[in-house]
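I'd like to ask you about the structure that follows.
The values are calculated or read from the model by the stated rules, or taken from the named source; none is laboratory data. None of these values were measured; they are calculated from a predicted model. Neighbour counts run over all protein chains shown; Cβ positions are idealised from the backbone, glycine included. We work out accessible area using only protein heavy atoms, side chains counted, and drop any ligands, DNA or RNA first. Shrake-Rupley method; radii C 1.70, N 1.55, O 1.52, S 1.80 Å.
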Amino acid sequence: MCAVALFSSVAWGNPAVTPAQPGGARLAVGFDEEGELRGALCRAATCSVAGARALGLPLELRARRSSARLTLVPLGGKRHAVHVWVPREESGRAWEALVVASATTPKALFAGETGYLTGPEGERRGPVIQVSSALPDGSRRVVVGEALENMSLCGRPAVMSPTVLSPKELELRPAKVQRLSVEERDAAAMAEVTVLADDAPAGLPLLRATAASSAARNPAALTDGDLETSWAEGRGGEGRGEFVLMLAPPEVPLSAFELTVRPPTQDVPNGAAPRRFWLALQGALFRVDMPEDAWRFPGRRYRVALPRQVASDCVALVLDDAYTQSPKAEVTLSELRAESDFDLSNLEGLVGAMAGGGERAQAASAILRGLGERGEAAVAAGYERLDEQGKRLALDVMDHAPCERSAAVYVKALLSDVEAHRIHAERRIGRCGALAAPHLTAALDTSDASHGRAALALASVAPAEAVDVLATRLARAADAAEADAAQGSSVKAPGTQAPSKRSAELTQRHERQIERQAKQSPKQTLKNAARRRELREALTRAAQAPVAAPRVRAVLGSEQLSAAARVELIRAFAGSSSARREVTTQVLALATPEASFRQRYLLVEPLAALQVSSPDARRVLARFISEDTSHHLRAHAARSVTHPKAFQGVLLTALSDPEVRVREAAAGALGSAEAGFAEAKLIERLQKDRWPLVRTTAADSLTELPRSPRVDAALAEALQDSSSHVRRKAVLGLGARGAQRYAKLLEARLDDPDERPDVRAASAMALGRMCAAGSAGILTRYAVRLANPHADPELRGVASSALLGLTRLGPRDLRSRLRPFFDEGVPPPARRAAESALKAPRGCP
């Protein structure tokens, strides 16, 4: 008798009723008028469950009885069960009951929630009830067990800890069950099994056993590559239905398997060989009949050839029958490997097959990954011959290799022109630490494009070793640069004499000579300078590691260094707190008036780094600003000042230097809130300096000074400056300082048709910045010009700035002011700008 779903075809209150059981009673299960699930035994012609035994349906599920399913399940021997299924709203969850008739009352063998009930995502578990399809006699098998989210027969449900409903006892009993359905087993293709010769090459270690339904020994032994280890099922007898799950590379089409049943020498008590088992893959099932009792042949290998190739990320070996029926027997398997159509005797060709990155390339990559050390060594040897996609796959293979083999390949990828390869290497090379150092050191002598990456990586992974390696190279590069400079100049730098007309002329001639020499080979000069800069940056990074501190001090203490090399190393180590004393001592020793212009110029950088911590460094830097014979160096030193208050005297003096670049540098150094002492001098430069460059910088620095009516007035006066650059800086300065009393002057700049557009745009921005609420009208008038597609193109920048200024003001009627932006024909970018303005937060209180 086939199982029939009854509930959907009967009215409420009519139960699902089984035929008469042995003893004459019938079992009725159904819902009463209140939605309660009840069961009864009855002998009358009609059965009712009203007032009968309640079966424990949760109260909140009574309202879902219209979606419930009641199914009669024939068990054989004229016995039946009723399977109740009530779905919950949560997908995959239900309440189920399995009801049978005991001698005097209905009995629920199982009643409760089913589905994945507990555990984190991916590892959930919960009870499950499975009813088989009809067996030859029409009966069905009912299995109750546990379902694990991470345990299936490659997509097929697999019940763990199964119990089977016994038709005779009407109880659930532990049992060995075949998890594969009868229908799929009947449709399975046969695999061909042959005995392999002793010298036949071994299959691929592509599989990795992860779990088993039961185990007397570890399932991982089945794929560990050791024939002396083995897995055995833990249920005894023929092991029917017990299985091992294995991961497989989905990129590799599998054509065959290699199976070893009995270990060559290891004694396995109670071991037995399978007679028949199944290989379940994604979407495919194969039956395997062993040609002999393999337990009689220790170490013998068998080839299981599939009738077709199958690509699957999962392989399940499911036992079915054995060559013994002893209840003490443990069906045992030693090793299972896979085969593909790739030629494993030609590893170079297998590496080459990764080129292109297609499906076959990915399969080759997976095989090489599975070969372990052999595959990794082949990939390392052939990496540089691959194309871009092939190298990407090769790096994936090397990610599974130890650093002894992968570090060299990561360094090659780090030096690549392909950004993705570089990023891949940067993220992984750090784990190799000192093992990557020799390869990175060798890379320092390769192409210039990758030199800096290798240096920085070495400083990161092995900072202590990097100090020695990089310092040696930096010293060598510094000596070469010094020799090139000396070869190109026959004029010595001025000595210790005080600045004079003659010494200044000599300095200028010296600098011009160096410039001419540089112009003779600009590419080489720039390349050498870039390499020194990269080495300095890497040394700076390495020196920050505490472990590198002793090496830094040792390098700086070396007596073998030339002055040029020492200068470059000082520049690299100036930021190292662990070597600050040594750096300071050496900087002061080298920064003498007798030093060459080049040496003095380069020492400005470490002096600037030390200006906060060392009064002596500040003294030398001040001397450079005020006394050096080269205006280039005086300007460079002035620009390096970060704490102007400590250099108050020399900076104020430098504002009157005869050289424009020095005055401009001094003015720039005074752009700080702590430079209020320079107010008068900066105003003087703004008003009287004949160079717009100096006046522009003075306006910039005045903007940063503390609030002062004199400063605001000076900036307002500068609105009449002959240079538009100065006028623009003055406009922006007034806006940044919130000088609202000068708003009308800014409106005049904005509305002046003879003013440059960039000054007018700056005026609109400044009006918004200073929150000049009274300027909303003029800002609106210019902002709406952005909505006019025929407006003067030169004024579009002015209109955009006016819109930004108006947005910052945020008048309450902003939406009405911007209404023209939403008229027909307005350019979409202008409309979007207005929409953004309406959403923007108000910038002014």
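So what is Rg over Rh here for segment 522-587, counting just Cα atoms and using Kirkwood for Rh?
1.01
Under 14 Å from a label point 7 Å along Cα→Cβ of Ala134: give me every residue in segment 93-117 with its amide N that close.
none
If you fit an axis through the alpha-carbon atoms of helix 522-543 and take the longest principal axis of the Cα set of the chain, what angle between them do you get, 0 to 90°, nearest 10?
In the chain, helix 522-543 runs at an angle near 60 degrees to the longest axis.
Please list the equivalent ellipsoid semi-axes of segment 591-649, computed as the square roots of five times the alpha-carbon gyration tensor eigenvalues, in descending order and whole angstrom.
One finds semi-axes of 17, 12, 10 Å for segment 591-649.
From the square roots a ≥ b ≥ c of the eigenvalues of the alpha-carbon gyration tensor of segment 319-417, which class results: rounded (a/c under 1.5), prolate (a/b over b/c), or oblate?
Prolate, since a/c reaches 1.5 and a/b exceeds b/c.
Ignoring ligands, DNA and RNA, what percent of the accessible area of the chain is carbon or sulfur (1.4 Å)?
Carbon-and-sulfur percentage of accessible area, whole number: 50.
May I ask you to give the solvent-accessible area per residue for the chain, in square angstrom, as obtained with a 1.4 angstrom probe?
On a per-residue basis, 45 Å².
Mind checking the angle between helix 757-769 and the chain's longest principal axis? C-alpha axes, 0 to 90 degrees, to the nearest 10.
With rounding to tens, the tilt is 70 degrees.
Amide H of Tyr323: which non-local residues (sequence gap of 5 or more, or other chain) have their own amide H closer than 5 Å, using H built in the peptide plane?
The list, which skips near neighbours in sequence, is Ala273, Arg275.
Counting trypsin sites (Lys or Arg not before Pro) as exposed when in a DSSP loop with at most 15 other beta carbons within 10 Å, what is the longest stretch of the chain free of them?
After excluding every exposed loop site, the longest remaining stretch is 493-689.
Next question. Which value, in nm² and rounded to one decimal, describes the direction-averaged projected area of the C-alpha convex hull of segment 176-303?
For segment 176-303, averaging the hull's shadow over all directions gives 7.9 nm².
For segment 686-845, what is the convex hull volume of the alpha-carbon atoms per residue, in Å³?
With only Cα atoms used, segment 686-845 gives 103 Å³ per residue.
Just report the Cα centroid separation between segment 815-845 and segment 82-122, whole Å.
Answer, in whole Å: 62.
Could you tell me how far the Cα centroid of segment 707-777 sits from the Cα centroid of segment 144-193, in Å?
If we compute the Cα centre of each part, the gap is 85 Å.
As a test of the formula, what do you get for the chain when each DSSP H run with n ≥ 4 contributes -39,500 (n - 2.57) and the sum is divided by the residue count, at 222 nm and rounded to the nearest 500 deg cm²/dmol?
So the helix-based figure for the chain works out to -12500 deg cm²/dmol.
Show me, for segment 584-593, the HN-Hα J-couplings you get by feeding each phi into the Karplus relation (A = 6.51, B = -1.76, C = 1.60, θ = phi - 60°), rounded to Hz, glycine and proline as x.
4, 4, 6, 4, 5, 6, 8, 7, 9, x
Hey, another quick one. Amide H of Leu285 versus every other amide H placed in the peptide plane: which residues, excluding those fewer than 5 positions away on the same chain, fall under 5 Å?
Placed amide hydrogens put Ala189 under 5 Å from Leu285.
Still on this model: For His643 and Ala480, compute 0.36 nm times the residue count separating them, minus their Cα-Cα distance, and round to one decimal in nm.
55.2 nm
I would also like to ask the following. I need the phi-derived Karplus couplings for segment 721-730: 6.51 cos²θ - 1.76 cosθ + 1.60, θ = phi - 60°, integer Hz, Gly and Pro marked x.
4, 5, 9, 5, 5, 5, 4, 5, 5, 5
To continue, here is another question. Loop by DSSP (not H, G, I, E, B), at most 11 other beta-carbon atoms within 10 Å: where is the longest site-free stretch of the chain for GluC sites (Glu not before Pro)?
170-558
Now, a different point. Taking Cα atoms, how many degrees apart are the long axis of helix 359-370 and the longest axis of the chain, rounded to 10 and kept between 0 and 90?
Helix 359-370 sits roughly 80 degrees off the main axis of the chain.
Could you estimate the translational diffusion coefficient of the chain from the Stokes-Einstein equation, with Rh from the Kirkwood formula over C-alpha pairs, at 4 °C and 1.567 mPa s, in whole µm²/s?
Estimated via Stokes-Einstein, D reaches 36 µm²/s.
A 21 angstrom limit on the alpha carbon distance is what I want to check against. Which of Lys391/Lys527; Lys688/Lys744; Lys688/Lys729; Lys681/Lys729; Lys744/Lys839 exceed it?
Beyond 21 Å: Lys391/Lys527; Lys688/Lys744; Lys744/Lys839.
If I model a spin label at Leu247 and Ala45 as a point 7 Å from the Cα along the Cα→Cβ vector, what separation in nanometres do I get?
6.7 nm
Related question: Want the number for Arg296 to Val612: 0.36 nm per residue separation, take away the alpha-carbon distance, what's left?
Once the chain is fully extended between Arg296 and Val612, it gains 105.2 nm.
Where does segment 241-337 land on the Kirkwood hydrodynamic radius, alpha-carbon pairs, in angstrom?
The answer is 14.0 Å.
Starting from the alpha-carbon convex hull of segment 412-474, give the projected area averaged over all orientations, in nm².
Mean projected area for segment 412-474: 3.7 nm², to one decimal.
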